[in-house]
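Notes follow the structure.
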Amino acid sequence: MLNNNKIKIMTKLALYEQGNGKNDIKISHFYKGDYIRYNILKTIVSITVGFLFLFALVGLYNVEYFITNATVINYKQMGIYLLVLYLAAVIVYVILTIIITTIKYKNTRKHLVKYNKDLKELNEIYKTEKSDIR
Amino acid sequence: MMDLLVLKEKVKAIYQKYGHIIEPVSKFILAVIVFSMINSTLGYDVRLSKIFVVLLLSLLCAFTPISILILLAAALSIGHIYFVSRVLAVMTIVIMFILYFLLLRFTANLSYIVLAIPILYILKIPYVIPILLGLISTPVSIVPMACGVIVYYLFKIIKTVAGIPSETSIEDTLQYYKYVMDMILGNKELLFTIIIFAVVIIITYLIRRQKIDHAFDFAILTGAVINILAFLIVDLSIDVSGQIIIMIIGTIISSGLVYIIQFFRLNLDYTRVENVQFEDDDYYYYVKAVPKINITAPEINVKRINSRKGSDGAHHLMDLIRDDKGSDEDTK
C-alpha cells in the first residue's frame with residue numbers, strides 16, 4: 001500500500017537534498033571548529049597563490065631596475081617589506097573568513113534542524129508501518 | 001498598476017510551470033549573446049568566431065551552472081587575445097588569476113557580475129549594475145563589481161594595443177609589457193569608475209534599507225542622480241567629455257531597467273516544478289512536485305448600468321453581473 005503521508009515527507013526531504021541541502025549536508029559533516037579551520041586553510045592557500053602571481057607581475061614590471069641595480073638592492077629589507085605586506089593581507093583575510101564561515105555554519109544548522117525533524121517523522125512512520133505488519 | 005501586478009503574477013505562474021524549460025533556453029540565449037559580443041569586439045581568431053563554435057559553447061552553457069559560462073567566456077577571450085599576442089594572453093591570464101584568488105573566490109555567488117559589466121558596457125548601460133546591486137545585494141558586491149570594471153578596461157586596453165607587434169625580441173617584449181601595465185595602472189577612468197560605482201552601490205543600499213514609503217523608488221532615483229553627477233564631474237575633469245550625453249542617456253535607461261527588474265523581481269526562494277526520485281523498501285518513486293499557484297486572477301466585475309427615465313427621473317441600477325459568484329473578493 002502506498003502511504004501518502006510518507007511520500008509527502010520523502011518528497012520534501014528529497015527536494016531539500018537535491019537543492020540547498022546538498023551543500024548544507026556537506027557542511028554538517030564538519031564540526032564548527034573544523035569547518036572554520038578548513039576554510040581558513042583554503043583562504044591562506046588562495047591568497048598565497050594570488051600573491052605569488054601579483055609579485056610575479058610586479059617583479060617583471062621592475063625587472064630592468066633589478067638587473068641594473070642588482071648589486072645595490074637591499075634584498076633583506078625588500079624581503080621583509082614583501083613578507084609584512086603578505087602577512088597583513090593574510091590576517092585581514094583570515095579574520096573575514098572566520099566571520100563569514102561562522103555565519104554560514106549557523107545558517108546551515110537552522111536548515112538542518114528542520115531537515116532532521118522531517119527525518120524523525122519519517123522514522124516514526126516506518127516504525128508504525130512495521131508494527132502494523134506484525 | 002493593477003494590470004501590471006496581474007502580469008507579474010502570470011509571469012511567476014508561467015515560470016513555476018515551465019521553469020525547467022525556460023531556464024536552459026534563457027541560459028542558451030544569454031550565452032549566445034555573450035559569445036557573439038566577445039567575438040564582435042575581440043574577434044581576432046576567425047576559427048573561434050564561427051557560428052558553429054558559438055552555438056556549441058552556448059549549448060553546453062544551457063545545461064551547466066552559470067560559472068561555466070563565465071569560465072568559457074574568459075577562455076574564449078583569452079583564445080582571441082592569444083591569436084594576436086602571446087604576451088598579452090599570458091598577462092590577461094595572470095591578472096584574471098590574481099582577481100580570482102585575491103578577490104572573487106570569496107564572493108563566488110556574485111561572480112556573474114564580472115561578466116555582466118563588460119557586456120553592459122558594450123550596450124552602453126553599465127549603470128544598471130551599481131544601482132541594481134544596491135537594491136538587491138549588499139555592499140560586499142563592490143568586490144565583484146570592481147573586478148568587472150577592471151576586466152572591461154583590461155579588454156579595452158588590449159584592443160588598443162593589439163595592433164602593436166610584440167614578439168620581436170625579449171627587450172621589446174618587456175617594453176611592451178611595461179607599456180601595457182602603465183596603461184592599466186595609469187588609467188584614471190578605471191579608478192574613478194570603480195569609486196563612483198562603489199559610492200552608488202552604498203548609497204542605493206542605505207536608502208533602500210530606510211523605513212520610508214517608496215524607499216526602493218527613492219533609492220533608484222538617488223543612485224541615478226549621483227551616478228550622473230559624479231560621472232559629469234569626472235568626465236569634465238579628466239577630459240573625456242565626448243561621452244557625457246551617452247552617459248546621461250545610459251543612466252536614464254539603466255534606472256528604467258532597474259525599475260522594471262525591481263517590479264518583476266520574484267521572491268528569492270521562488271519555486272518551480274521539480275522532479276525528484278527516491279525509493280523505499282517496496283517502491284521506486286518518481287515524484288513531480290508542483291508548487292501551489294495562488295494567482296490573483298483578474299476578477300472581472302461587469303457592472304451594467306442602464307439608465308432609464310423613471311417617473312421621478314432617477315437612474316435605476318438594472319444589472320449587476322458578476323462572473324465569479326459568491327466570492328468576497330468581488331465586492332471590493
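Take the Cα atoms of segment A:24-133, build their convex hull, and give its volume per residue in Å³.
Value for segment A:24-133: 115 Å³ per residue.
Around B:Asn39, under 12 Å between beta carbons, what's the net of Lys plus Arg minus Asp minus Glu among the other residues?
Value of the local net charge: +1.
Rounding to the nearest 10 and keeping the result within 0 to 90°, find how far the Cα-based axis of helix A:4-18 lies from the longest principal axis of chain A.
Compared with the principal axis, the helix lies near 10 degrees.
How many partner chain Cβ atoms sit within 10 Å of a residue's Cβ in peptide B:251-257, on average, as a whole number?
For peptide B:251-257, the averaged partner shielding equals 0.
Report, to one decimal in Å, the Kirkwood hydrodynamic radius for segment B:70-120 based on all distinct Cα pairs.
This gives a value of 11.6 Å.
With a cap of 10 neighbouring Cβ atoms within 10 Å, and only residues DSSP puts in a loop, list the trypsin sites (Lys or Arg not before Pro) found in segment B:207-242.
Listed in order of number, the matching sites are B:Lys211.
How large is the charge dipole for the protein assembly as shown, taken about the Cα centre, if only the Cβ atoms of Lys, Arg (+1) and Asp, Glu (-1) carry charge, to the nearest 20 debye?
840 debye
Where the Cα atoms of the protein assembly as shown are projected onto their three principal axes, how long is each span, largest first, in whole Å?
Principal-axis extents of the protein assembly as shown (Cα, largest first): 108, 80, 49 Å.
Dipole of segment A:24-133 (Lys/Arg Cβ +1, Asp/Glu Cβ -1, origin at the Cα centre): which of A:Leu85, A:Leu41, A:Asn62 lies farthest to the positive side?
So the residue we want is A:Leu41.
To the nearest 20 debye, what charge dipole does segment B:1-139 have about its Cα centre, counting +1 at the Cβ of each Lys and Arg and -1 at the Cβ of each Asp and Glu?
100 debye
No lab work stands behind these numbers, since they all come straight from the coordinates. Remember, it's a predicted structure, so these values are computed and weren't measured experimentally. Because the Cβ atoms are built from the backbone with ideal geometry, glycine has one as well, and the counts that use them run over all protein chains shown.
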